[in-house]
Amino acid sequence: MEYEIVDRVLVLKGSFEALSTGVDGGRRATKNILNIQVPHDFSHDDPKSYVEGVAASVKLDGGYVALLTAVEMKNVQILNDACVTVFITAGLTNPSSFGTINIIVISSATLSEGAIAGTIITATEAKTHALLDKGLRFTGTTSDAIVVAYEKSRDGEPILYSGPATAFGGRVAKLVRIGVKDALKAHYGSDDVEKAISDQAVID
């Protein structure tokens with residue numbers, strides 16, 4: 001896997017099997033995973049066409065899955081532990097609007113069908129823990145999204161389970177819980193996320 005930021009887009013390149021809740025999401029093989037920064041006044045009317053335009057502009061080789069966020073890509077948090085790497089951006093401008101927590105979980109080990117789906121649960125629970133750790137009283141935003149993927153080129157038996165009590169799931173939970181808090185701090189410039197959100201609302 002390789003990754004870079006190209007014109008406000010985080011681009012992960014490789015040979016992946018991925019499950020995505022993002023734009024035109026689902027389960028598929030893909031060579032690219034995108035986290036795309038959009039304007040704060042972004043219209044939700046036709047996100048698929050918007051993503052197609054962005055994908056064309058960054059000249060991808062092969063297909064893609066994509067997430068959207070108003071958070072700047074300079075604030076993406078990248079954490080790694082053994083076979084797990086996570087990429088997280090987090091904004092909470094309003095827990096019911098386009099402040100978005102996007103989570104990308106990449107495994108260098110093959111995941112079973114159950115494990116790739118179960119990782120969504122594990123990562124979501126960890127995201128919720130992170131928000132509660134920050135004293136917030138909601139579990140996310142209405143536009144939160146996630147991609148879970150593994151690199152197809154790896155050999156070996158697949159990981160069968162990914163709950164937080166497993167070695168793999170425990171790594172995911174740890175990295176996501178830390179990464180969400182770090183991403184919020186990067187975006188808001190403060191450990192006191194609740195105050196930062198309140199101050200921003202007053203400015204807005």
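The values are calculated or read from the model by the stated rules, or taken from the named source; none is laboratory data. Quick caveat, the model's predicted, so the values are computed rather than measured. Backbone-built Cβ (ideal geometry, glycine too); neighbour counts: all protein chains shown. Ligands, DNA and RNA are stripped out before the accessible areas are found, and what is left, the full protein with its side chains, is counted by its heavy atoms. Shrake-Rupley method; radii C 1.70, N 1.55, O 1.52, S 1.80 Å.
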Leading residue by the ranking (most open to solvent (accessible area, probe 1.4 Å)) among those in segment 2-12 that are part of a strand (DSSP E or B) and either touching a helix residue (DSSP H, G or I) at 6+ places or on another chain (Cβ under 7 Å) or touching a residue at least 24 places away in the same chain (Cβ under 8 Å) (or both):
Tyr3
Condition met for Thr124 (without any contact (Cβ under 8 Å) to a residue 24 or more places away in the chain and either surrounded by fewer than 17 Cβ atoms within 10 Å (Cβ to Cβ) or basic (Lys, Arg) (or both)):
no
Return the residues of segment 1-33 that are of a type in the set (Val, Ile, Thr), farther than 20 Å from Lys152 by Cβ and within 15 Å of the chain's Cα centre (by Cα); say none if nothing qualifies.
Ile5, Val9, Thr21, Val23
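Yes or no, residue by residue, for (1) crowded, with 17+ Cβ neighbours inside 10 Å; (2) out of contact with any helix residue (DSSP H, G or I) (no Cβ under 8 Å at 6 or more places or on another chain):
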position	(1), (2)
Ala115	yes, no
Thr119	yes, no
Asp133	no, no
Glu157	no, yes
Residue identified as in contact with a strand residue (DSSP E or B) (Cβ under 8 Å, 6 or more places away or on another chain), surrounded by 18 or more Cβ atoms within 10 Å (Cβ to Cβ) and free of Cβ contacts under 8 Å to residues at least 24 places away in the same chain among Ala55, Ala66, Ala90:
Ala55
Condition first: without any contact (Cβ under 8 Å) to a residue 60 or more places away in the chain, in a helix (DSSP H, G or I) and open to solvent by 30 Å² or more (accessible area, probe 1.4 Å). Can you find one or more residues in segment 25-40 that meet it?
no
Subset tally (residues that are open to solvent by 40 Å² or more (accessible area, probe 1.4 Å) and either among the hydroxyl-bearing types (Ser, Thr, Tyr) or in contact with a strand residue (DSSP E or B) (Cβ under 7 Å, 6 or more places away or on another chain) (or both)) for segment 13-24
3
Quick one: Asp61 ticks every box in (1) out of contact with any Gly (no Cβ under 8 Å at 6 or more places or on another chain); (2) more than 18 Å from Leu10 (Cα to Cα); (3) open to solvent by 50 Å² or more (accessible area, probe 1.4 Å) except a single one, so which number is it?
(2)
